[in-house]
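Asker: Submitted below is the structure of interest, expressed as C-alpha cells.
The values are calculated or read from the model by the stated rules, or taken from the named source; none is laboratory data. Just so it is clear, the model here is predicted, and its values are computed rather than measured. All Cβ positions, even for glycine, are placed from backbone atoms using ideal geometry, and neighbour counts span all protein chains on display.
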Amino acid sequence: MKNVLVTGGTGFVGSNLSEHLLHLGCDVRILRRENSDLRAINGVDVEHCIGNVGDINSLRNAMRGCDTVFHTAAMVTFSRRRKDEQHDVNVIGTRNVVEACIKCGVDTLVHTSSVAAIGYPEPGQLATEETAFNWGEASGYKRSKLLAEREVLAGVRRGLRAVMVNPSPIVGERDLHLHGGQLVRDMKKGRVLFYIDGGMSIVYVGDVVTGHIHAAERGRTGERYILCGENLTHREIFLRTAKLVGGRPPIAKLPIPLLRLGARAIESTAGILGREPWLSSDLVAGAGRFNWFSCEKARRELDYKITSFDTAILAAYRWYKENDFL
C-alpha cells in the first residue's frame, strides 16, 4: 500500500484516514467535490482530485496509478424525501467505484459500510457479520448501505480484491457535520431531556481508521468486519457523556410510542417546509432495541482494539472546544 485514493476525503472518516495514511508514508489523494468544505482536511497535505462518485471518469482519473482505494464517501440522511439522491450516491456511486477500480487495475478496495447494513440481534444477543438484514424494505439509509455492499460483492465476483468494514456510530475529531458528535454538543448544552430504553455501540474514529488500514493489509476478500466500541445502554451513554463534558443529564425516560409519534410529526412538518428533519421514522426505527455488536471477527483477523467510550467522548469534546463548535 503506497499510492492511495480516499473517496470522501473531506468527510469525518476520510479526513482522519487520510492523515493517518500520510503518517504511514503513503502518497494520498482525495476525491472531493469542487465546493467541498475543507475544514476537516485542513493541514493534511494530500493531493486533491475534483470529482464525485457519480462521475466515473473523475473516479478513473483519480485512481490512475493507485494501488489501494478507500471508499468512504456516502450520503448520511434519514429523510425520506432524499431517498433517491441517497440511493444514487450510496449505491450507484459504489457501483461506479467498483467499476473504476477494476478498469484501473487497483489492487485493493476497502469499502466503508456500516452496522446499518447488518440486522438487529435477538434480545440478549450480539449482532455479528452473519446477522441477516431484518430492517424491512422501507429503511432508507440502512438499505442503501446493504445494497452498496452487494455492489462490492459483485466486483469481488469479477476478480476485485475488496474488503468491507462496518463501523457503529462514530465519535472523535474532525466530525464537522456532527454525526456521532451531536451527542457531545447536545449533552454539553443540556438539550437532552429524556432517554429511551435500549442501547447502542459508539466507536472512536481512531479505531475505525486503524480498522480500515488493517482491512486493506490483511482482510479477507469479500468479507465484512464490524468495527464497534463498547456496548452500552442509552441511559448510560447519556449519563457518562454528561459527566465527562460537564453537561446536564436527562431527567426521565421517554416511552418509545411517544418518540415514534413525535418523529412522524417532525418528519411531516419538515416535508411541508422543505427542510431536513432532525428526527425521522427511519432514524428511530431501532428505538428501544439493544443494537449491540460483536467485533470478535475484527479482533481475531485484523488485530482490532477498542478505545474506551470515555476516551472517545473526551477526544471529540476537546476537538469541538478547540474548533469553536461548543
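Asker: Which one of the conditions (1) part of a helix (DSSP H, G or I); (2) closer than 27 Å to GLU130 by Cβ; (3) not polar (S, T, N, Q) does MET200 fail to meet, given that it meets all the rest?
Answerer: Exception for MET200: condition (1).
Asker: Any idea which residue in segment 143-158 is surrounded by the fewest Cβ atoms within 10 Å (Cβ to Cβ), counting only those that are within 17 Å of the chain's Cα centre (by Cα) and aliphatic (A, V, I, L, M)?
Answerer: Per the stated criteria, the residue is LEU147.
Asker: Report every pair of residues separated by at least 6 positions or lying on different chains whose Cβ atoms are under 7 Å apart, first residue within segment 118-136 and in contact (Cβ under 8 Å) with a residue 12 or more places away in the chain and among the small types (Gly, Ala, Ser), second part of a loop (DSSP other than H, G, I, E, B) and surrounded by fewer than 16 Cβ atoms within 10 Å (Cβ to Cβ).
Answerer: GLY119/ALA132; GLY119/ASN134
Asker: In addition: Quick check on this structure: which one of ARG174, ARG161 is farther than 30 Å from THR233 by Cβ and either buried (at least 23 other Cβ atoms within 10 Å of the Cβ) or in contact with an Asp or Glu (Cβ under 9 Å, 6 or more places away or on another chain) (or both)?
Answerer: Residue meeting the stated conditions: ARG161.
Asker: Now a separate question. Only one of (1) crowded, with 16+ Cβ neighbours inside 10 Å; (2) more than 30 Å from ARG157 (Cα to Cα); (3) not polar (S, T, N, Q) fails for HIS212. Which number is that?
Answerer: Every condition holds for HIS212 apart from (2).
Asker: Additional query: Identify, from the list ASP310, ASP303, ASP324, the residue that is in contact with a helix residue (DSSP H, G or I) (Cβ under 7 Å, 6 or more places away or on another chain), among the acidic types (Asp, Glu) and on the phi > 0 side of the Ramachandran plot.
Answerer: After ruling out the rest, the residue left standing is ASP303.
Asker: Next up: Test LEU259 against the stated conditions and say whether it is closer than 23 Å to ASP207 by Cβ, over 23 Å from the mean Cα position of the chain (by Cα), in contact (Cβ under 8 Å) with a residue 40 or more places away in the chain and part of a helix (DSSP H, G or I).
Answerer: no
Asker: Also, I was wondering about something else. As an exercise: evaluate ASN52 against (1) touching a Gly at 6+ places or on another chain (Cβ under 7 Å); (2) farther than 24 Å from SER168 by Cα; (3) touching a residue at least 40 places away in the same chain (Cβ under 8 Å); (4) of a type in the set (S, T, N, Q) and give the number of the one condition it does not meet.
Answerer: ASN52 satisfies all of (1) touching a Gly at 6+ places or on another chain (Cβ under 7 Å); (2) farther than 24 Å from SER168 by Cα; (3) touching a residue at least 40 places away in the same chain (Cβ under 8 Å); (4) of a type in the set (S, T, N, Q) except (1).
Asker: For segment 120-132, give me the residue count where each residue is buried (at least 17 other Cβ atoms within 10 Å of the Cβ) and modelled with pLDDT of 95 or more.
Answerer: Residues flagged as buried (at least 17 other Cβ atoms within 10 Å of the Cβ) and modelled with pLDDT of 95 or more within segment 120-132 amount to 4.
Asker: Look through segment 224-246, keep the residues that are closer than 14 Å to ARG299 by Cα and assigned to a loop (DSSP other than H, G, I, E, B), and return whichever of them is farthest from the chain's Cα centre (by Cα).
Answerer: The residue in question is GLY229.
Asker: Being crowded, with 16+ Cβ neighbours inside 10 Å and in contact with a Ser or Thr (Cβ under 9 Å, 6 or more places away or on another chain) is the filter here; which residues of segment 261-282 pass it?
Answerer: ALA263, ILE266, GLU267, ALA270, PRO277, SER280, ASP282 - these are the residues of segment 261-282 that are crowded, with 16+ Cβ neighbours inside 10 Å and in contact with a Ser or Thr (Cβ under 9 Å, 6 or more places away or on another chain).
Asker: What are the residues in segment 53-85 that are surrounded by 19 or more Cβ atoms within 10 Å (Cβ to Cβ) and farther than 22 Å from VAL205 by Cβ, if any?
Answerer: Once the filter is applied, which keeps residues that are surrounded by 19 or more Cβ atoms within 10 Å (Cβ to Cβ) and farther than 22 Å from VAL205 by Cβ, segment 53-85 yields LEU59, ALA62, MET63, CYS66, SER79.
Asker: Also, quick follow-up: Can you list residue pairs whose Cβ atoms sit under 6 Å apart, with the first residue in segment 206-226 being of a type in the set (A, V, I, L, M) and the second being buried (at least 24 other Cβ atoms within 10 Å of the Cβ) and in a loop (DSSP other than H, G, I, E, B)? Count only pairs 6 or more apart in sequence or on different chains.
Answerer: Qualifying pairs under 6 Å: ILE226/CYS295.
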